[in-house]
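Inspection log for the structure reproduced underneath, given as structure tokens.
The values are calculated or read from the model by the stated rules, or taken from the named source; none is laboratory data. Given the structure is predicted, the values throughout are model-derived calculations rather than measurements. Glycine gets a Cβ as well: all are built from the backbone with ideal geometry, and neighbour counts include every protein chain shown. We work out accessible area using only protein heavy atoms, side chains counted, and drop any ligands, DNA or RNA first. Shrake-Rupley method; radii C 1.70, N 1.55, O 1.52, S 1.80 Å.
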Amino acid sequence: MQKYVLHAPSHKLMTSGKVREDIVQLASDLDYAKLPVDFVLETVFEPGDIILYPYPSEKGSEDLDLVRIQHIKDAGARVIMITLNIDYLRYPDADRDAIIASLNGADFVISLTTHMTDQLRADGMETPTVELGLHDYLVSEPINAPTFEKTVIFAGSPYKAPYVVNWPNKSALDVYAREQDLEGVHFQSQNVQYVGYMHPNRMPKLLTYGFGLAFDVDSGDGDFANYQTLNLSHKVSMFLAAGIPLFVNAKAAIAPTIEAANAGILINELTDIDLALADLHDTDYTALAAGSNRLGALVRNGYYYRSAILEAEKQLV
């Protein structure tokens, strides 16, 4: 029996590539051989082989992923699927039927949250599942203890957060993004500044202050506000890996985990941030950073994906 982890090389210098790289590294430690996803249809699998399939291989690949999964199954091999994203829940043009068919073609699904699993079950998925709980965010070097600043950090693509243009708070907002993602973006508030771009592997080491922000809203590009009530944000794990506390949408699927760990502050609206920061002191920040770092120690070391993969393997026996 052979074990393979599919790898879809990402040319994007953002966390979408980081999570896939981390999955490959963790799976390799569990004796999975790396297999480029473009070679799946050329590979001769054997009955009993296990293929760890981060899904989708890329945006818009629903039909091709379904063909690949069928090829694997025709050989008698088994598929453990990791649902990195379920695109029909956020993009109206995604092929829902192909996605559900792919999920049902797998032997086991690592779903991100119980909320996501419940939605997929309602939409027709029947495959056994285990929930991930948090994305891992592997870090190879020690992180630095954060310092208390009433500054909020946004990292990622502004198309999911058009509020960075019209920031509604007096609190400072530092924006980390690729320059090309800010083309045509003009900040209307003097409290917003573009800091620059950091490679995802370096972010946890260099983010040593303030609060991370995880608050997606709908835009012309997709339905992100409701999606965060089902999905796990990899951005959350990046801030946890850095050991800094977060502001998180209280409706997000990850909110109970953040609250239970005292790793951040839940907000219903972005305008809640100024009020939350007004009476916050050094001791409050230190306690929140300690909570973030406790979860961060787990994601930095690959606890969640490793546990989920091992559980999936056990269920396949």
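If you model the stretch 222-317 as an ellipsoid using its alpha carbon gyration tensor, with each semi-axis the square root of five times an eigenvalue, the axes come out at 27, 18, 9 Å, biggest first. Think of a 1.4 Å ball rolled over the protein heavy atoms: the chain then has 43 Å² of accessible area per residue.
Applying 1/(1 + (r/R0)^6) with R0 = 35 Å to the Cβ-Cβ distance of Gln190 and Asn226, what FRET efficiency is obtained, to the nearest 0.05? With R0 = 35 Å, the Cβ-Cβ based efficiency is 0.65. Ellipsoid semi-axes for the stretch 1-100, based on the Cα gyration tensor and the rule √(5λ), read 22, 18, 10 Å when sorted largest first.
In terms of Cα atoms, the Rg and Dmax of the stretch 32-179 work out to 19.4, 60 Å. Can you send over the carbon and sulfur percentage of the accessible area for the stretch 140-181, probe radius 1.4 Å, protein chains only? Answer for the stretch 140-181: carbon and sulfur cover 48 percent of the accessible area. With one equal scatterer per alpha carbon and no solvent term, the Debye-computed log10 I(q)/I(0) for the stretch 189-276 at 0.15, 0.16, 0.21 1/Å reads -0.61, -0.70, -1.15. Of the beta bridges in the chain, as assigned by DSSP with both residues counted there, near 5 percent are antiparallel. Here the simple spin-label model places points 7 Å from the Cα toward Cβ, and for Lys170 and Arg306 these points are separated by 4.7 nm. Of the GluC sites (Glu not before Pro) found in the stretch 243-317, the ones in coil according to DSSP and having at most 15 other Cβ atoms within 10 Å of their Cβ are Glu269. Quarter the surface of the alpha carbon convex hull of the chain and you get the mean projected area, 15.3 square nanometres. Using the Cβ-Cβ distance between Asp181 and Asp272 with R0 set to 25 Å, the FRET efficiency from 1/(1 + (r/R0)^6) comes to roughly 0.45. Listed by chain and number, the lysines placed with their C-alpha closer than 17 angstrom to that of Lys170 are Lys150; residues fewer than eight positions away on the same chain are left out.
How large, in percent, is the carbon and sulfur part of the accessible surface of the stretch 4-99 at a probe radius of 1.4 Å?
On the way: 2130 of 4270 Å².
For the stretch 4-99, the apolar C and S fraction of the accessible surface comes to 50 percent.
Multiply the residue gap between Tyr91 and Asp282 by 0.36 nm, knock off their C-alpha separation, and tell me the result in nm, one decimal place.
64.6 nm
Diagonalising the gyration tensor over the Cα atoms of the stretch 120-205 and scaling each eigenvalue by 5 before taking the square root yields semi-axes of 30, 21, 14 Å, largest first.
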